[in-house]
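The values are calculated or read from the model by the stated rules, or taken from the named source; none is laboratory data. Please read all numbers here as calculations on a predicted model, not as lab measurements. Here the Cβ positions follow ideal geometry from the backbone for every residue, glycine too, while neighbour counts run over all protein chains shown. Quick note on the areas: whole protein, heavy atoms, side chains included, nothing else; ligands and nucleic acids left out. Shrake-Rupley method; radii C 1.70, N 1.55, O 1.52, S 1.80 Å.
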Amino acid sequence: QVQLVESGGGLVQPGGSLRLSCAASGSIFSVNVMGWYRQAPGKQRELVATITPAYTTTYADSVKGRFTISRDNAKNTVDLQLNSLKPEDTAVYSCNADVGGTWFWGQGTQVTVSS
């Protein structure tokens, strides 16, 4: 079994920064694509960013230039650096990972952007 555990959420003022981390553990041979999603109250879950083992990244248009996804293949971790945060970035952020063809999800971490 594979577990994903996120950390780093919290309350931040508009314009501030946060760094989210996600660590995969368990029966892992290789981790393929890793990503971050978010879900705001009353809205559908949306893709924020993804990264391949070769470090190819994709971003939602709403976060391009502000968020940066990175990973450590040796440690099976994926991070999300959130800069220039806006109130509309408030959501529960969850990481996911393709491990051997099966997608696993973390429990989510709350990010609240408010003055």
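Looking at A97, is it in contact with a Gly (Cβ under 8 Å, 6 or more places away or on another chain) and either open to solvent by 60 Å² or more (accessible area, probe 1.4 Å) or in a strand (DSSP E or B) (or both)?
Here the answer is yes, as A97 does meet what is asked.
Conditions (1) touching a residue at least 24 places away in the same chain (Cβ under 8 Å); (2) among the aromatic types (F, W, Y); (3) in contact with a Phe, Trp or Tyr (Cβ under 6 Å, 6 or more places away or on another chain), marked per residue:
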{"residue": "L47", "(1), (2), (3)": "no, no, yes"}
{"residue": "I51", "(1), (2), (3)": "yes, no, no"}
{"residue": "K64", "(1), (2), (3)": "no, no, no"}
{"residue": "N76", "(1), (2), (3)": "yes, no, no"}
{"residue": "L80", "(1), (2), (3)": "yes, no, yes"}
{"residue": "A91", "(1), (2), (3)": "yes, no, no"}
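For the list (1) more than 10 Å from the chain's Cα centre (by Cα); (2) closer than 13 Å to Q39 by Cβ; (3) open to solvent by 10 Å² or more (accessible area, probe 1.4 Å), I need the number of the one condition that T109 fails.
For T109, the failing item is (1).
Would you say S25 is in a strand (DSSP E or B), crowded, with 16+ Cβ neighbours inside 10 Å, touching a residue at least 24 places away in the same chain (Cβ under 8 Å) and polar (S, T, N, Q)?
no
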